[in-house]
Amino acid sequence: MGQEKHISAGLRHAVEAIKEAILQGQYEAAKGVNRIQLAVYFGIGKYISQHTRKGVWGTGALEAISDQLRRELPGLRGFSATALRNMRKFYENWNELDCNSASTLAELKNIENQIAANSTSTLADISSVITDELQTIDIYHTLQVPLTKEFPIEDFFRLPFTHHIRIIEGTKDLGARYYYIHRAAEEHLSEKDLIKLTRDDAYGHCE
């Protein structure tokens, strides 16, 4: 009972949604499916993006969610506030892979209009609107890669999450991302070697 007072009702819903996605992902990851692990981070990143970019949760929300997750899932690793921000970064930099991106934008616009129409809405009211419309995290169907010759599908899913973040941080050019994803996966690069590769602009000197 005491632990419930640490977070607001809106963040309580967030903890439950993220916790469910984590538990689903752990079950699938136990089978050695890296694709599912990336899908979990992508789905959670989407959920966090939808809630934080509109100012719904407020300052310190990710720290509060992370702390509560660790209380409820003892031994949980990889879900610090920094990690949650990286999941948001992963989603926002690959949001073209969101198979529901069009409907998501429409949902957010609708929510934004509701907020604008009622300037007296409290944070709890707005949080309730978001929670009602976007309460679950679909780790199985949200992440969808394009079936194009250019997109390195196998390499993308072979690469650990931390490597994806380093590539996102190291370049914004889509062609460069593809290049580093392929090299990192093909050469089994360490995170340190990958960072050096992007800093040295290996993509810019590959031709």
Cross-link table LYS54/LYS89; LYS46/LYS149; LYS89/LYS149, entries beyond 21 Å C-alpha to C-alpha:
LYS46/LYS149; LYS89/LYS149
Net charge near GLU92: determine it from the other residues with C-beta under 9 Å of the C-beta of GLU92, scoring Lys and Arg +1 and Asp and Glu -1.
+4
If R0 is 30 Å, what FRET efficiency do you get for GLU169 and CYS99 from their C-beta distance, rounded to 0.05?
0.75
Would you mind pulling out the separation of the Cα centroids of the stretch 145-207 and the stretch 38-67, in Å?
25 Å
Could you tell me the calculated FRET efficiency between THR148 and GLU63, based on Cβ-Cβ distance and R0 = 35 angstrom, to the nearest 0.05?
0.35
Karplus-derived 3J(HN,Hα) from phi for the stretch 67-84 (6.51 cos²θ - 1.76 cosθ + 1.60, θ = phi - 60°), whole Hz, x at Gly and Pro, runs 4, 5, 4, 6, 5, 8, 10, x, x, 5, 10, x, 10, 5, 4, 5, 5, 5
Rounded to the nearest 0.05, FRET efficiency between THR162 and ARG53 (Cβ-Cβ, R0 25 Å) equals 0.60
Proximal charge balance of ARG158 [Cβ under 13 Å; K/R count +1, D/E count -1]:
-2
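Rule-based calculations on the coordinates, nothing more; no lab input. Quick caveat, the model's predicted, so the values are computed rather than measured. Backbone-built Cβ (ideal geometry, glycine too); neighbour counts: all protein chains shown.
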